[in-house]
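> Input: one structure, supplied below.
The values are calculated or read from the model by the stated rules, or taken from the named source; none is laboratory data. From a predicted model like this one, the values you see are computed outputs, not experimental measurements. Quick reminder, even Gly has a Cβ in these numbers, built from the backbone with ideal geometry, and neighbours come from all protein chains shown.
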Amino acid sequence: SDHALTYPRGPADMDWASLYPAHAVEKTGEGAGDDESHDRDRDDGEKEKGKTITKPVEIADIGCGFGGLLFALAPKLPETLIVGMEIRTSVTEYVQEKVRALRAQNAAPNTAYQNVACIRANTMKFLPNFFAKAQLAKIFLCFPDPHFKQRKHKARIVSYTLNSEYAFVLRPGGVVYTITDVEDLHVWMRGHFEKHPSFERVSEEDEAADECVEVMRMETEEGKKVERNGGRKFVACFRRVEDPRWP
Ligand code: SAM
């Protein structure tokens, strides 16, 4: 159950600075007071937090589990801030502990793993509370729970409605990466993204040239498990297209 979960009221209320301390800076007078989106989101006159981060998070791993993908991507994309989102408390804590340990092993001036963090969240709820419109460049949906039974399909993290939320937080040109070993779920995810007007399927060529696809296949915990068992992995990536222009 996620009854104990708290959510930021909007992206500006999210305390990213404590998740990425090496990328945190004091808010300047200007940034602290007259950030328009901030003011719009806030109606209780609550005090500004003192710090902000120098650049926005651009990659989200939804249902990150034990963080295999996060820890493989972080050194490959050292300039990019990456967040894992996980609903299970103990699993989130495990990933957070591992982040702390890896950062400590790579103490300053080495900044390895300062670009990766994990938060506990039910990503089926309030995703736009965490990320602003068009903030993200990549969203990973790796080996999501299949929820096999028909009556459980509404628990799947791909649906027309949720895809609209992914479309909102992704920038045009950004990509949703999906992988599963359950063919039925692959067909489901493909169908829901292909019929959504905000997405187009990434070509096999582009997929093969994207190093993130290989990382997702080989470095996720589930990807490794399927590999050991000689199972199949179904990959499909979808690009966020530009919104249509209204005349
Ligand atoms: N992505 C990882 C991998 O590929 O190894 C973990 C896959 S595991 C099968 C699915 C994960 O999604 C679990 O850790 C589960 O707790 C998490 N999860 C399921 N529903 C979620 C939700 N609504 N919000 C956040 N995480 C969720």
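> Restricting the search to the stretch 119-177, which residues are part of a loop (DSSP other than H, G, I, E, B), within 12 Å of the ligand (Cβ to nearest atom) and either touching a Lys or Arg at 6+ places or on another chain (Cβ under 6 Å) or of a type in the set (Phe, Trp, Tyr) (or both)?
126, 143, 147
> Can you go through 223, 231 and tell me which one is part of a loop (DSSP other than H, G, I, E, B), more than 14 Å from residue 167 (Cβ to Cβ), within 16 Å of the ligand (Cβ to nearest atom) and touching a residue at least 12 places away in the same chain (Cβ under 8 Å)? First the steps, then the outcome.
Details: 223 fails: part of a loop (DSSP other than H, G, I, E, B).
That would be 231, the only listed residue that is part of a loop (DSSP other than H, G, I, E, B), more than 14 Å from residue 167 (Cβ to Cβ), within 16 Å of the ligand (Cβ to nearest atom) and touching a residue at least 12 places away in the same chain (Cβ under 8 Å).
Conditions tested, residue by residue: (1) crowded, with 21+ Cβ neighbours inside 10 Å; (2) within 10 Å of the ligand (Cβ to nearest atom); (3) closer than 19 Å to residue 218 by Cβ.
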site	(1), (2), (3)
67	yes, yes, yes
70	yes, yes, yes
79	no, no, no
84	yes, yes, yes
91	no, yes, no
96	no, no, no
100	no, no, no
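> Being hydrophobic (A, V, I, L, M, F, W, C), more than 13 Å from the chain's Cα centre (by Cα) and either assigned to a loop (DSSP other than H, G, I, E, B) or under 16 Å from residue 63 (Cα atoms) (or both) is the filter here, so list the residues in the stretch 88-118 that pass it. Outline the logic, then answer.
Going through the stretch 88-118, the residues hydrophobic (A, V, I, L, M, F, W, C) turn out to be 91, 95, 99, 101-102, 104, 107-108, 112, 116-118.
Within this subset, residues satisfying the condition of being more than 13 Å from the chain's Cα centre (by Cα) are 91, 95, 99, 101-102, 104, 107-108, 112.
91, 95, 107, 108, 112, listed by residue number.
> Does residue 187 count as over 24 Å from residue 70 (Cα atoms), more than 16 Å from the ligand (Cβ to nearest atom) and aliphatic (A, V, I, L, M)? If you could, list the steps in order and put the result at the bottom.
Details: over 24 Å from residue 70 (Cα atoms): yes; more than 16 Å from the ligand (Cβ to nearest atom): yes; aliphatic (A, V, I, L, M): yes.
Judged against the criteria, residue 187 is a match.
> Read through the list (1) modelled with pLDDT of 95 or more; (2) loosely packed, with under 14 Cβ neighbours inside 10 Å; (3) touching a His at 6+ places or on another chain (Cβ under 9 Å), then give the number of the only condition that residue 172 fails.
The single condition residue 172 does not satisfy is (3).
> Kindly list, by first and then second residue, each pair from a residue in the stretch 91-119 that is in contact (Cβ under 8 Å) with a residue 12 or more places away in the chain to a residue that is hydroxyl-bearing (Ser, Thr, Tyr) and in a helix (DSSP H, G or I), limited to pairs with Cβ atoms under 6 Å and residues at least 6 apart or on different chains.
118/92
> A further question on this structure: Could you give me the residue pairs with C-beta distances under 7 Å whose first residue belongs to the stretch 155-169 and is under 11 Å from residue 199 (Cβ atoms), whose second residue is basic (Lys, Arg) and within 13 Å of the ligand (Cβ to nearest atom) wherever it lies, and which are 6+ apart or on separate chains?
Final answer for the pair search is none.
> So, residue 215, is that one of a type in the set (A, V, I, L, M), in contact with a strand residue (DSSP E or B) (Cβ under 7 Å, 6 or more places away or on another chain) and touching a residue at least 24 places away in the same chain (Cβ under 8 Å) or not?
No.
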